[in-house]
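Read-outs: derived from the displayed coordinates by stated rules, not from any lab. Just so it is clear, the model here is predicted, and its values are computed rather than measured. FYI the Cβ positions are ideal-geometry reconstructions off the backbone, even for glycines, and counts take in every protein chain you see.
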């Protein structure tokens, strides 16, 4: 449903990891799952309204370095989370530093707890993912499909041997054997709680976070699109809103556009919305028709697919590319990566945006004016010509003030030219006026040319003014 309405060619939607903590807390807070899914339904309605009023434009203001950092961080996170599954580990606490983990614990865990059957499946699957596309006669068959079939075959082959996989090393989904069990999968909202204040608080929280994750995902997946298409963010919010209304009504969890699924779609060669539509259709068919077969797939094979996807998102070449762009791009990129890996997606992106904003403001401060000092052929006196930029905001107040009051002592005449400016902030005007009085007191010549500023929607022009 969401893919049919969405205008994004590659976005794939589903439950988002970023909402996990909120969902768990909300269910505990509201006391009943039926009340929680009412909040999901309301959240969807809020998203629908946000899309209609064109709030999706917020997505156009995320810095590129932060988006690329988010993609790299997600890639690293995927790799870290799939390592235990790749080695068939049931005990993963050795990977947690707060539990005494580290290099020694990691090594001991690998030696004592690794399942070699799962490890073989994972490494053979990685080899297929890397080399299969280069086999011309066979590469029309998707490599991930070959990996799944290989994993199922090896899982059967290893039965009864020392390489046999444990039951928890396979996919595990519920098997529906009757119409009654199928109907039991659906839970409907408790509309008697519609006036409950806590329901609305949860709904607004879910709507805001789900919308932000969706906008971030859409911005990121557009960068992965080989055709570099631009997805309509407002339409995406409408699609997500309708999706969450439907999901909440049928007893489902809140959903967003998910970058992991979307990047897998792009890496698999997806080109249009049909891939996302078929993704949902095949999931439904598989869950209803062949759940027993799905449960034969080893998690190690799926881990290999995700490890391959994670590497593509966080490959070293991306870090080198960002470094070549300059520190103003590289530092926000790296900060975003580190922050997301050690916190969560939204917190990390927020930190990255703050760092990127610092560099944006710093660059803006240096581009407020152009200074040229002209020498007089007949005297030692010089003239300073300061040409203001097209847009001069309050952020430019400090550098302009610093430059005006630190002109060379040989400058006896100052011209401040605002003819190219369309907007000059009132704070900057005040700085110029104060400097004008200061220059007069020192016996300097000062000339203001067409200095303008906007106030309350009106434009007020300063007439040409010359003071000797």
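A few points about this structure:
- Dividing the Cα radius of gyration of the range 226-267 by its Kirkwood radius returns 1.06 for Rg/Rh.
- Cβ crowding within 10 Å averaged over residues, with 42-48, 231-237, 395-401 ranked highest first: 42-48, 231-237, 395-401
- Using only alpha-carbon positions in the range 122-258, the gyration tensor eigenvalues give semi-axes of 39, 27, 13 Å once each is multiplied by 5 and square-rooted (largest first).
- Against the main long axis of the alpha-carbon atoms of the chain, helix 197-224 sits at an angle near 80°.
- Size of the range 2-330 as Cα extents on the principal axes (Å, biggest first): 59, 57, 48
- Note on residue 171/residue 204: beta-carbon distance plugged into 1/(1 + (r/R0)^6) with R0 of 51 Å gives a FRET efficiency of 0.90.
- Radius of gyration and Dmax over the Cα atoms of the range 135-181, both given in Å: 15.6, 48
- Equivalent ellipsoid semi-axes, the range 241-332, via Cα gyration tensor eigenvalues times 5, rooted, Å: 33, 20, 12
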